[in-house]
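The values are calculated or read from the model by the stated rules, or taken from the named source; none is laboratory data. Bear in mind the structure is a predicted one, so any value in this text is a computation, not a measurement. No Cβ is skipped: glycine too gets one built from the backbone with ideal geometry, and neighbour counts run over all protein chains shown.
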Amino acid sequence: MSKAHLPAQKKVEKPLEKQEILLLYDQQCPMCDYYCNLVHIREDLGNLKLIDARADSALLSEVTQRGLDIDQGMVLKVGHQLYYGSDAIHVLSLLGSRSGFFNRMNFTIFRSKKVAHFVYPVLRSVRNLILKIMGRTKINNLGQSNNDRF
């Protein structure tokens, strides 16, 4: 039998395995809390679990062990991989849903790693100013002396 007479074979695609996706951020920051509660990831990838960086958690311990200062950036954990600061917001935009104005805007702005690296420090500075005005203290997960105020 020639190839022309064989039935076409359908390509069977293996579904993506849903991963644990965790986002460690400062819940006391109104700007951070607003962003993190509006951002949604695609359902086929898993569920996004928000974790308050001011509460004790296994992820905060892992971040601290790796020497990452949570006051300088949020952390996204996808499977076993950690993304910090501008990398976290960039990857989050790529994993994000495109439904709704906010999520489309998030993807448009942060899908570029260069833009994320440029914009994130500005957002962090605004966050720090807001928390200073509110009289909040730093999280100081690394336990640095004289590092409790913004």
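So here's what we get for this one:
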| quantity | calculated |
| --- | --- |
| Breaking point among (1) part of a strand (DSSP E or B); (2) among the hydrophobic types (A, V, I, L, M, F, W, C); (3) at pLDDT below 95, for V12 | (1) |
| The one condition in (1) closer than 20 Å to R136 by Cα; (2) touching a residue at least 12 places away in the same chain (Cβ under 8 Å); (3) surrounded by fewer than 13 Cβ atoms within 10 Å (Cβ to Cβ) that R54 fails to fulfil | (3) |
| Failed item, numbered, when H117 is tested on (1) touching a helix residue (DSSP H, G or I) at 6+ places or on another chain (Cβ under 8 Å); (2) under 30 Å from E43 (Cβ atoms); (3) buried (at least 16 other Cβ atoms within 10 Å of the Cβ) | (3) |
| Criterion: in contact (Cβ under 8 Å) with a residue 12 or more places away in the chain and in contact with a Cys (Cβ under 8 Å, 6 or more places away or on another chain) - qualifying residue of R149, R111, R127 | R127 |
